[in-house]
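The numbers here are math on the coordinates, done by the rules we state, and not lab data. None of the values given here were measured: they were computed from a predicted structure. Methodologically, a virtual Cβ is constructed for each residue, glycine included, from the backbone with ideal geometry; neighbour enumeration extends over all protein chains shown.
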Amino acid sequence: MVTPAPGSAAARTRANGPDVPLQQEQRQMARSRIERAAWNVLADRGLVATVEEVAREAKVSIRTVFRHYGTRDHMIASALRAQLYHYGESLPVPEPNASLEVWLPELLVEVHRLNAELGRAYWELASLGDTLTGELAEVAAERRIGRKRLVSAVTKGAWHLAGGQGRYPRWLIDAFAVHLSAFATRSLVADFDRTVEEVSAMSAEVLLLAVRTAADPVQLSLMTPTGS
């Protein structure tokens, strides 16, 4: 189930409940409909998505889209922010007594599923971030900050569940960064015809081996990766 982002149309509709005046409720429903349509168009068309395409997908007029969002960039930025919030809220958090072999594969299934679901716009937000301007540049910066926090948190969680002592090596966080990335999902799905489930299983196998090796002082002493 999609969790509405704070301030999004869906969140406001849910929060206001049955006492919302009819006109306001209809407005909120229309905005939520446009937001969902924008998600679909962005996943398929990427950041070149147009207001006309979103209006067609939402089955509303172009004028209605502009009345809710003002500009094309604001419409896209609002949809992307809602998607990024949903991404973070969808990932499983390990319990204190969780098993690394259970939690990490479950997490990776969700990560690669979301990477594939968010599609082209999410990949472009990452690859074109430095070339974007205005509100889209702001969203790209927010995505970058959120991704660094996610990778750091997942690496730290896996390290502790593996019994790691002290600070984990830098190469380990790099390994997690690669396998949590949308580019890993896209490359293996598009270029090697892997399913999301196959990508998730491969990432889990590689990262479980990596974190277990890094947490074992004997194994780690045999490794001398650059920048560890």
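To check my understanding: the extent here is largest minus smallest coordinate of the Cα atoms along each principal axis. What are those three numbers for the range 93-215, in Å, largest first?
Largest to smallest, the principal-axis extents are 44, 32, 24 Å.
On each of the three principal axes of the Cα atoms of the chain, give max minus min coordinate, whole Å, ordered largest first.
So the three principal-axis extents are 67, 38, 31 Å.
Determine which residues of the range 18-56 fall in the zone a paramagnetic label at Phe66 would reach in this model, i.e. backbone nitrogen under 14 Å from the point 7 Å along Cα→Cβ.
Backbone N within reach: 51-53, 55.
Taking +1 at the Cβ of each Lys and Arg and -1 at the Cβ of each Asp and Glu, which of His160, Leu132, Phe183 sits farthest along the dipole of the range 130-185 towards its positive end, judged by Cα position relative to the Cα centre?
The listed residue farthest towards the positive side: His160.
If you look at just the Cα atoms of the range 20-138, how large are its Rg and its Dmax in Å?
Cα only, the range 20-138: 16.9, 53 Å (Rg, Dmax).
Normalised by the number of residues in the range 93-215, what is the relative contact order in percent for Cα pairs under 8 Å and 6+ residues apart?
Taking the mean separation of contacting Cα pairs over the length of the range 93-215, I get 40 percent.
What percent of all Cα-Cα pairs in the range 142-212 falls in each 10 Å bin, counting up from 0?
P(r) over the range 142-212, rounded to whole percents: 19, 48, 29, 5.
Sort 158-170, 37-49 by packing, meaning the average of other beta carbons within 10 Å per residue, with the highest value first.
Put in order of decreasing packing, that is 37-49, 158-170.
Given Cβ point charges of +1 (Lys, Arg) and -1 (Asp, Glu) and nothing else, what value in debye, to the nearest 20, does the dipole of the range 90-165 about its Cα centre take?
200 debye
Residue separation times 0.36 nm, minus the C-alpha to C-alpha distance between Glu117 and Trp171: what's the value? Could you put the intermediate results ahead of the total?
Values: separation 54, 0.36 × 54 = 19.44 nm, distance 2.84 nm.
Length difference between fully extended and current span is 16.6 nm.
Let's see if you can work this out: charge +1 on each Lys and Arg Cβ, -1 on each Asp and Glu Cβ, no other charges. What is the dipole magnitude of the range 93-215 about its Cα centre, in debye to the nearest 20?
500 debye
Find the relative contact order for the chain and round it to a whole percent, using C-alpha pairs within less than 8 Å whose residues are 6+ positions apart.
20 percent
Taking the Cα centre of the chain as origin and charging only Cβ (+1 Lys, Arg; -1 Asp, Glu), how large is the dipole, in debye to the nearest 20?
700 debye
With r defined as the distance between the Cβ atoms of Ala126 and Ala201 and R0 fixed at 22 Å, what FRET efficiency is calculated, to the nearest 0.05?
Values: r = 23 Å, r/R0 = 1.06.
Between Ala126 and Ala201 the formula returns 0.40.
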